[in-house]
1. What pairs can you find where one residue is in region 103-132 and more than 10 Å from ILE82 (Cβ to Cβ), the other is of a type in the set (Ser, Thr, Tyr) and modelled with pLDDT of 95 or more, and their Cβ atoms are less than 7 Å apart, with a gap of 6+ or different chains?
2. What about LEU53, is it closer than 17 Å to LEU109 by Cβ, touching a residue at least 40 places away in the same chain (Cβ under 8 Å) and surrounded by 15 or more Cβ atoms within 10 Å (Cβ to Cβ)?
3. Could you tell me which numbered condition ILE24 fails, if it satisfies all but one of (1) β-branched (Val, Ile, Thr); (2) open to solvent by less than 60 Å² (accessible area, probe 1.4 Å); (3) assigned to a strand (DSSP E or B); (4) within 22 Å of THR5 (Cα to Cα)?
4. Checking HIS87 against (1) assigned to a strand (DSSP E or B); (2) over 18 Å from THR12 (Cβ atoms); (3) touching a residue at least 60 places away in the same chain (Cβ under 8 Å), which test does it fail?
5. For region 4-19, which positions are at pLDDT 95 or above and under 19 Å from LEU73 (Cα atoms)?
6. I want to confirm something. Restricting to region 1-21 and keeping residues that are closer than 22 Å to ALA115 by Cβ and of a type outside the set (S, T, N, Q), which single residue is surrounded by the fewest Cβ atoms within 10 Å (Cβ to Cβ)?
7. Go through region 110-131 and give me each residue that's in a loop (DSSP other than H, G, I, E, B) and either more than 23 Å from PHE54 (Cα to Cα) or of a type in the set (A, V, I, L, M) (or both).
8. Taking region 1-21 as the region of interest, how many residues are farther than 17 Å from GLY131 by Cα and either outside any loop (DSSP other than H, G, I, E, B) or of a type outside the set (Asp, Glu) (or both)?
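The values are calculated or read from the model by the stated rules, or taken from the named source; none is laboratory data. Bear in mind that the values here come from a model prediction, so they are computed numbers and not experimental data. Please note: Cβ atoms are built from the backbone with ideal geometry, for glycine as well, and neighbour counts cover all protein chains shown. Note: areas computed on protein heavy atoms with side chains; ligands, DNA, RNA excluded. Shrake-Rupley method; radii C 1.70, N 1.55, O 1.52, S 1.80 Å.
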Amino acid sequence: DELVTFASDDLTVQSSDGQHHAFIVELALTPQQRAQGLMFREEMAPNAGMLFLFDREAPRSFWMRNTLIPLDLIFIDSQGMIVSIAHDAVPHDETPIPSGLPAAGVLELNGGTVARLGIKPGDRVTHRAFGL
């Protein structure tokens, strides 16, 4: 299988204490891009990530098949609010990681980033996909 490529975009997470954390994210928009995600990546820059976007809010579930680096998964509703977070997902683990609440987007960051920056459910993600 040939690996798909991704367009990049800017995104900001605004934490409840008013801090803004800027990231450069790759956009996973198509089924092929969402299926590949961050598989086979050996590293990712500290301010990088991947934003998975879906047509509508629904319960989401991700897994770490063929994923080589630990990731934080941030589940986001259609308004850009963080509804849940999965910390330090384990590389290669095929256990489903559910969003718990309906999500229209999922932001994957390097494992440990969420804890280091103090990002929590209820914080906001600013990106044009969420009308911001």
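1. Hits for this filter: ALA104/SER78; THR126/THR12; PHE130/SER78; LEU132/THR126.
2. In short, yes.
3. (2)
4. (3) is the only condition that HIS87 fails.
5. Matches in region 4-19: PHE6, SER8, ASP9, ASP10, LEU11, THR12, VAL13, GLN14.
6. Residues of region 1-21 closer than 22 Å to ALA115 by Cβ: 11-21.
Narrowing the set further to residues that are of a type outside the set (S, T, N, Q) leaves 11, 13, 17-18, 20-21.
Working: LEU11: 23, VAL13: 25, ASP17: 8, GLY18: 6, HIS20: 10, HIS21: 19.
Filtering region 1-21 for residues that are closer than 22 Å to ALA115 by Cβ and of a type outside the set (S, T, N, Q), the one surrounded by the fewest Cβ atoms within 10 Å (Cβ to Cβ) comes out as GLY18.
7. The answer is GLY112, GLY118, ILE119.
8. 12
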